[in-house]
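Take a look at this one; I'll ask things after.
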Amino acid sequence: MRVWRDPLYWLLAAFLLLLWGLPHSGALFAHWFPQLERPLYQQESFWRLALAHLSLVISGSALAIIFGVGCGVFATRRAGRAFRPLLETLAAAGQTFPPVAVLAIAVPVMGFGATPAIMALFLYGLLPILQGTLAGLDSVPDSNREIAVGLGMGPWRRLWQIELALAAPVIMAGMRTSVMISIGTATIASTVGAESLGSPVIIGLSGFNTAYVIQGALLVALLALICDRVLERVQRQLSGWEG
């Protein structure tokens, strides 16, 4: 019975129900929006848009994790400490650019499609992961490092088994924030020809079709809540394992 009290399962059920039910809800939206000639988004399958949205988020987040954690580790080593302010400044600068501006700059170089959208998600999701990695590694007590040295651990083994293991909950918190940013930012990917759950939102805004906007926004919001719950569980497990 604990399963039924878990909000994650209710959110997942609501998301799947919407994906299945929206294509059959034309009469309902026609009743709510009688002034609209086409109140139901039918250009593409909602299932296809959801999978494309997830693909964009996963690709952009994976790049941000690789670069964010890698740069964070480098900036906390002796050889990279001098570059730490520069790396933090560059990551922060990447998030100050509006995503639409990033897309506008990337399209002439990369063309239309998913590639410029993934680049925008990467730049927007990098800062929280870099900051989480730096904060997590900085929080590892020096005594733990000294004990690892005393046990004869080499630098790489010490980094993997001691530092990253202890810093994992804080790093995961940064990843969680990054993924939430990516899910929201991916809605504008349709402006450059990439499929996403933002397609109904963008078309609805440009065509003054509130029904389209609601249909896309509901799915994006539920997807964000589901991913947040899943990542929260991972973060909680990492914190328990650390303890």
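Might you let me know whether the range 174-182 holds any residue that is free of Cβ contacts under 8 Å to residues at least 24 places away in the same chain and open to solvent by less than 40 Å² (accessible area, probe 1.4 Å)?
Checked against the condition, which is being free of Cβ contacts under 8 Å to residues at least 24 places away in the same chain and open to solvent by less than 40 Å² (accessible area, probe 1.4 Å), the range 174-182 yields no hits at all.
While we're looking at this one, here's another question. Taking residue 147, is it farther than 19 Å from residue 187 by Cβ and open to solvent by 70 Å² or more (accessible area, probe 1.4 Å)?
When the stated conditions are applied, residue 147 passes them.
Can you list the helices (runs of 4 or more DSSP H) found entirely within the range 1-101 that contain at least 1 residues being modelled with pLDDT of 95 or more and under 19 Å from the mean Cα position of the chain (by Cα)?
7-21, 46-76
Turning to a different aspect of this structure: Which of the residues belonging to the range 69-103 are open to solvent by less than 40 Å² (accessible area, probe 1.4 Å) and closer than 26 Å to residue 195 by Cα?
94, 99, 101, 102, 103
Moving on. So, in the range 45-60, of the ones that are small (Gly, Ala, Ser) and open to solvent by less than 10 Å² (accessible area, probe 1.4 Å), which residue ends up farthest from residue 95 (Cα to Cα)?
Here the residue is 50.
The values are calculated or read from the model by the stated rules, or taken from the named source; none is laboratory data. It should be emphasised that the depicted structure is a prediction, and the values quoted were computed from it without experimental measurement. Cβ: placed from backbone, ideal geometry, glycine included. Neighbour counts: every protein chain shown. Accessible surface is based on the protein model in full, side chains and every heavy atom, while ligands, DNA and RNA are left aside. Shrake-Rupley method; radii C 1.70, N 1.55, O 1.52, S 1.80 Å.
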